[in-house]
Each structure stands twice: as C-alpha cells, then as structure tokens.
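Computed from the coordinates by the stated procedures, all read-outs in this text should not be read as laboratory data. Here the structure is a predicted model, which is why all the values come from computation and not from measurement. Backbone-built Cβ (ideal geometry, glycine too); neighbour counts: all protein chains shown.
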Amino acid sequence: VYVSEIFREKSPAEFFKDNPELAGFSNPTRALYTSIRELFENAMDAAELLGVPPKIIVRLLPAKRFGLEAEDVYLLRVEDNGIGIPPENVPPAFCKVFYGSKYVERQTRGHFGMGASMVVLYSQARLGTPVRVLTSPAKKTEEGIEPSKRIYEFVMKIDLKRNEPIVLKRKKYRNKHRRHGTIVELFIPGDYSRARSRIVEYFRQTAIIAPYASITFVDPSLHVYHFYRASDEVPPPPKDVKPHPYGIDLETLQRMIAELKPKTVLELLTNGFQQVGKKTALYVLEAAGIDPKADPRRLSVSKLRKLIEVMQNPPPGYEKKIRFRRPTTESLSPAGLSNIERGLRKEVNAEIISTHSEVGSYSGHPFIVEVAIAYGGKASEGEFSIYRFANKIPLLYDLKEDVVYNVVSNFNRSNYGIRKDMPITILTHICSTKVPYKSAGKESVAPVPEIEKALKKSLRHAAQKIRLYLSAVKKERELKRKLSEYMRYLPLIATFSARLSMHKYPPPIRTLIDEIEEEVEKEKMRRLKVAGVESAEKDRTDRVPLRVFLRYAPEIRGRTCRISRTAVRIDHNPSAYPGPCI
Ligand SMILES: Nc1ncnc2c1ncn2[C@@H]1O[C@H](COP(=O)(O)OP(=O)(O)OP(=O)(O)O)[C@@H](O)[C@H]1O
Ligand SMILES: [Mg+2]
C-alpha cells in the first residue's frame with residue numbers, strides 16, 4: 001500500500017491556537033493570569049513611551065453581568081492613559097499574531113508582537129466572542145501632549161486561516177474630554193479563585209518596580225486593590241537606536257542596505273550603526289578588502305559576510321584597531337535605584353535597603369542590572385525572599401530556571417554577616433533591549449555569562465552596606481548588654497568595695513555608665529547613618545476619593561489601599577467612554 005503524507009500550511013494564528021502553552025496559556029488559571037499580564041504590560045508600556053506616570057485600571061468582572069451566561073467567564077477590561085494606537089494599526093495590533101511597534105532596538109515590556117493577539121485568540125477560540133478596543137492616540141509635541149480629537153472604537157475578530165483581522169464594527173466619537181489612552185475589553189474563561197493570589201502578587205510587585213504608577217485592580221467580587229503612586233520620577237522613555245555591529249547578521253545587514261540606501265559602504269557603516277567612527281570603519285573595510293567608496297547594493301553576499309566577520313572577529317593584526325564601544329544605554333529605561341528603594345520601602349517596610357547597578361552588554365545588546373538587598377520587614381525567614389524583574393515585568397514562575405537563582409544560590413551570605421534566620425529580601429532587575437527569555441511566556445531569563453557576572457558583582461556591592469549595618473547592629477546590641485550588666489552590678493560592687501576598704505562613701509560610678517551610654521548612642525547613630533534613615537522619604541500618596549472606590553466596591557480590601565475624602569480624582573473617568581457592549 002502506498003501511503004502519502006498530506007501537506008498543508010498553518011498560519012501563525014492557527015499555530016498558537018493549537019499550542020497556547022508556548023505563550024503561557026497552559027491551563028485556565030495560568031491563562032487568566034497571562035491574559036491580564038499581557039494587556040496590562042501593553043498599558044504600562046504605552047504610558048511610559050509617552051513619558052507620563054501610568055494610571056492603569058484593570059477590571060475583571062463576572063461575564064454574567066454583561067449578558068454572557070457562562071460559569072467561570074469574566075469580562076476583562078484594561079484602561080490606560082498611554083500613547084494610544086493610530087486607528088489604522090488597531091486591527092492588526094490586536095488581531096494579527098506577530099504585528100507590533102516594538103520590533104526595534106528599545107527596551108519595552110513587549111517584544112514579540114504577539115501578547116495582545118494571543119489573548120484575543122484565546123478568548124475567541126474558547127468563547128467565540130470578539131475584542132473591543134477604544135483608543136485615542138496622542139502625539140508628543142514641543143508644547144506637550146496633544147491627544148487626538150477623536151476616540152476610535154473597533155470590535156474585531158481574528159481570521160485564523162489568514163492571520164488577519166476581521167473588523168465587525170468601527171466607530172468614531174468626539175474626544176470631548178481630550179483624553180489619551182486605550183481601553184481593551186474582552187471575555188476570558190478562567191478560574192479566578194485559583195489565580196487570585198498570583199494576579200494580586202503580580203500587581204504588588206509591579207508597584208515595587210514602578211512606584212511611579214497608579215494601579216487599580218477591581219476583582220470579580222468587586223474588591224479593589226489600589227496601589228498608589230509613591231514617586232514622581234518616571235524613567236525617561238527609551239530611545240530607538242541604531243544596531244550595534246556585534247548584534248547584526250547577514251539578513252539584517254541586507255535589510256539595512258535596502259532601507260537606508262547608503263551611497264557608499266563607508267556611509268553604511270558610519271550612519272547605519274551606532275558606535276562606529278570613520279577611522280574604525282576604514283580599518284574594517286581595509287581588513288575586509290572592500291573599497292570604502294563601493295556601492296553596498298553591488299556587494300556580493302560573500303563580501304557582506306566578510307564585512308560582518310571582520311567587525312565581530314577582527315583578523316590578526318586588527319584586534320586593537322577594530323574595537324567598538326559598548327552599545328549605548330539610551331535605548332534602555334531602567335527603573336532607577338531610588339524608585340526601587342521607594343517601592344521596596346512601601347511594600348516590604350525594610351529597615352535598610354542597599355542598591356547597586358551595573359551596565360554591560362552581550363552580543364551587541366546593552367543591558368543594565370539593578371540589584372537591591374533589604375534587611376528587615378516582611379521577608380520570609382530562612383530563605384531569601386527573591387523578587388525578580390526583567391524590563392520591569394515581575395517574573396513569578398520558573399524561579400529555578402532563572403539566571404538569578406544560580407547567582408543567589410551561590411551567594412556566600414556568611415561573608416557579609418548574614419545568617420539564615422535573618423529577614424533578607426533580594427530584588428534583581430535585568431533590563432535590556434533584548435532580555436534573553438527562555439520562552440515566549442517571559443517567565444525566566446537564560447544564564448548569559450555577561451548578565452550573570454553583572455548580577456554577581458551588583459549583589460556583592462549591595463551586600464557590603466548590609467554587612468556594615470549588621471555589624472553596627474551587633475555592636476550596638478553588645479554594648480547595650482554591657483550597659484545593662486554594669487547598671488545591675490556596678491552599684492553592688494561599689495558598695496561592697498567601700499565596705500571592704502572601710503570607706504564611708506562608695507566610689508563614683510556615674511561617669512563610667514555615662515561613657516558606655518555615650519558609646520551606645522554613637523553606635524546607634526552609626527547604624528542609622530549606614531541605613532540612611534534620615535533620608536528616607538515621607539510616604540507620598542496619590543489619594544483616591546472614597547466615592548470613586550465605593551462605586552466599584554462595597555468593601556475595600558488590600559494592604560496598600562489608602563482612602564481619603566480630600567483627594568484628587570482618578571481622572572480616567574470610565575463613564576466618558578460608551579459602556580461595555582460586546
Ligand atoms: N494599550 C496599548 N496602548 C498602545 N499601544 C498598544 C496597546 N496595546 C497594544 N498596543 C500596540 O499593539 C502592538 C501589539 O501588541 P502585542 O502585545 O501583541 O505585542 P508587543 O507588546 O509588541 O509584544 P509582546 O508580544 O512581547 O507583548 C504593540 O506593539 C503596540 O504597538
Ligand atoms: Mg505586549
């Protein structure tokens with residue numbers, strides 16, 4: 001019998017519908033968590049790219065309230081005050097797998113161009129319902145932010161076979177209140193009672209790394225978790241930069257030639273790349289045997305290959321001449337050590353926080369690692385509490401797979417006077433134009449040697465201050481013990497010795513005690529100075545009026561919730577937009 005194989009094509013949308021676990025949608029609990037994450041991260045990116053403090057409201061409400069009769073299905077609605085999306089890009093951004101604005105050399109949470117469409121795909125495959133997006137894009141001008149005059153509404157589905165959007169409804173509204181930002185709304189099946197702790201933890205950790213954001217989460221039982229804004233320092237938006245010679249391949253080089261249309265190879269090297277000066281470019285061309293005036297479009301593939309080879313592995317004699325500076329960090333947007341410190345202080349309530357950061361690069365991609373060690377507060381005892389972040393995303397799953405796990409498990413705590421029973425929190429943040437995630441679900445980072453080294457170094461540096469602090473604590477405690485013993489026994493010894501030597505009065509002991517008291521005080525000051533307590537800031541709160549909360553929630557829960565009647569409004573008023581109607 002002759003058996004023949006049947007061949008057919010599969011679009012990316014179909015592929016991910018059949019393999020959702022590759023993108024973090026492995027079971028209903030995880031899928032709910034991932035859906036919220038993907039939409040929320042887009043919202044945070046959108047606000048940060050515009051350079052405004054993010055104000056994000058996430059609602060997860062029982063679908064029954066919106067006419068969808070099904071158990072364990074929710075309406076997920078994410079609102080942001082970000083840059084918005086030009087209307088022509090809305091359908092593909094949400095309904096085409098592998099379409100996005102973040103395929104550039106720039107640090108953002110998003111990178112793959114598939115998060116939003118995966119959520120839409122998941123919802124559509126399970127429930128058959130569409131996604132609804134409302135957006136008013138903003139332009140950044142010299143005078144400030146200029147929101148569009150219109151709000152655009154789209155209701156859409158994905159054509160799985162073609163991986164293309166199907167627009168079911170398109171409408172325009174007048175942007176009366178001149179708002180900017182986006183609302184995304186869709187139905188998601190899932191198990192909230194199981195996913196709750198992870199979801200809340202995810203928001204809590206985002207509030208640590210981005211304390212300049214105001215985050216509100218309304219859950220299906222109408223509980224509101226509000227993470228107030230505790231910092232005015234929004235990190236500068238990342239800049240879009242040119243590629244670095246160490247980060248390119250043949251395909252990229254050919255695309256650069258086609259897009260930039262440089263007249264000469266010399267121009268290609270000096271204008272197309274970052275960190276390539278004219279002198280080095282000439283050495284490169286000399287080593288590759290290419291005429292600097294040659295037209296790059298006429299170069300053969302083998303010549304182009306040679307060009308890359310020479311830049312990345314200079315031939316003998318050129319090692320010193322062909323060297324490029326580390327890629328620029330302008331494309332990065334780290335959290336900032338002071339933000340990390342504020343965030344940790346707010347959420348962990350530590351006695352002392354020590355931070356350090358290192359800059360580096362791997363394969364042409366720049367990175368910054370930020371590390372903080374906190375002592376005291378809510379850390380779990382015995383093991384370190386570890387908070388991992390990559391491009392400001394909290395990583396809650398797959399700790400043991402992560403590069404940070406290697407580094408922290410090899411960290412020699414006893415060198416720094418840290419005992420096992422001490423409450424220690426370690427926070428690590430890796431930011432890069434390309435974080436080497438192990439999977440598209442973005443849960444763990446691969447052990448790239450350069451990153452591992454920078455993490456180790458930062459941890460050691462940060463631990464120095466903890467060591468000083470702990471030694472001051474120990475000394476203070478010893479002195480206090482000495483003092484209390486002296487206070488107890490010195491008067492007795494004094495009276496006894498007076499009696500023995502037949503003196504009428506015991507010798508003076510006050511000066512001795514004074515001296516020790518002074519020493520204790522000095523040690524305490526030293527400890528406080530190490531901790532930098534005098535510089536610790538007062539708790540700043542972005543207050544939200546009670547009535548706004550009460551509208552969402554009959555009962556308010558959440559540690560970080562602050563309520564006040566004398567408050568600024570949440571000015572992202574949901575009623576300004578037409579209500580849910582999908
Ligand atoms: N809330 C939003 N505000 C502004 N633009 C958005 C928003 N949500 C999505 N976008 C746009 O849609 C594009 C696609 O989003 P999507 O989440 O699919 O991909 P991504 O964020 O680029 O990468 P990743 O798959 O890693 O999340 C984004 O690149 C962005 O341009
Ligand atoms: Mg995204």
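The table for this structure:
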{"read-out": "Cβ-based exposure ranking for H461, H429, H111, in which fewest neighbours within 10 Å come first", "value": "H461, H111, H429"}
{"read-out": "Cα centroid separation - the range 124-142 against the range 200-278, whole Å", "value": "21"}
{"read-out": "Cβ crowding within 10 Å averaged over residues, with 211-221, 509-519, 391-401 ranked highest first", "value": "211-221, 391-401, 509-519"}
{"read-out": "Histogram of C-alpha separations across the chain, 10 Å bin width, %", "value": "3, 14, 21, 22, 17, 11, 6, 3, 2, 1, 0, 0, 0"}
{"read-out": "HN-Hα J in Hz across the range 181-198 - Karplus 6.51, -1.76, 1.60, θ = phi - 60°, x for Gly and Pro", "value": "x, 9, 10, 10, 9, 7, 8, 9, x, x, 10, 5, 4, 7, 7, 3, 4, 5"}
{"read-out": "Highest-first arrangement of 524-532, 468-476, where packing means the average Cβ count within 10 Å", "value": "468-476, 524-532"}
{"read-out": "log₁₀ of I(q)/I(0) at q = 0.14, 0.19, 0.22 Å⁻¹ - the range 243-343, Debye sum with one point per alpha carbon", "value": "-0.53, -0.87, -1.15"}
{"read-out": "R0 of 35 Å, Cβ-Cβ distance K400-S363: FRET efficiency to nearest 0.05", "value": "0.90"}
{"read-out": "Kirkwood-type radius of the range 332-455, with distances r between different C-alpha atoms, in Å", "value": "14.8"}
{"read-out": "Packing rank of 446-452, 46-52, 119-125, 283-289, where each peptide gets the mean count of other beta carbons within 10 Å, highest leading", "value": "119-125, 46-52, 283-289, 446-452"}
{"read-out": "Charge context of T511, other residues only, Cβ under 11 angstrom, K/R +1, D/E -1", "value": "-3"}
{"read-out": "Descending principal axes extents, the range 26-105, alpha-carbon based, whole Å", "value": "42, 28, 24"}
{"read-out": "Between helix 301-312 and the chain: long-axis angle, C-alpha atoms, 0 to 90°, nearest 10", "value": "10"}
{"read-out": "Spatial separation of Cα centroids for the range 410-468 and the range 175-193, in angstrom", "value": "35"}
{"read-out": "With 10 Å bins from 0: P(r) over the range 41-176, alpha-carbon pairs, percent", "value": "11, 38, 38, 12, 1, 0"}
{"read-out": "Cα long-axis angle, helix 28-50 against the chain (0 to 90 degrees, to the nearest 10)", "value": "90"}
{"read-out": "Tilt relative to the chain, helix 510-531 - C-alpha long axis, 0 to 90 degrees, to 10", "value": "0"}
